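These notes concern the structure reproduced below.
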Amino acid sequence: MPSTRLNISLPTHIVDDIKALYGPRGLSQFLEEAAQEKLAAVKREAYKGLIEGYRSTADETVEVLKKLEAAVTEERDV
């Protein structure tokens, strides 16, 4: 998978803690995993709102589709 090199600034104490847990060469791995987790959480929250919106209008949508189906059926029967 292609990667992009970044130049970022983080508080020193955070970098020191990450290096203590992952080793001096594990910083990129940790940041990649953290970014993936955060991105997944943000997407879940965004999709949750969309799903709730769709569910809140589902009954209305079904009624509109039933009326449309009835109108199309009447046209064909004529």
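The values are calculated or read from the model by the stated rules, or taken from the named source; none is laboratory data. If you're wondering where the values come from, they're calculated on a predicted model, not measured in any experiment. Quick reminder, even Gly has a Cβ in these numbers, built from the backbone with ideal geometry, and neighbours come from all protein chains shown.
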- Message: Could you check the range 34-57 and list, in sequence order, the residues that are modelled with pLDDT of 85 or more and of a type in the set (Gly, Ala, Ser)?
- Response: Ala34, Ala35, Ala40, Ala41, Ala46, Ser56
- Item | One residue from Leu65, Leu31 being over 18 Å from the mean Cα position of the chain (by Cα), part of a helix (DSSP H, G or I), closer than 19 Å to Ser3 by Cβ and among the aliphatic types (A, V, I, L, M) | Leu31
- Query: Taking the range 34-62 only, how many residues are part of a helix (DSSP H, G or I) and either over 20 Å from the mean Cα position of the chain (by Cα) or small (Gly, Ala, Ser) (or both)?
  - Reply: 13
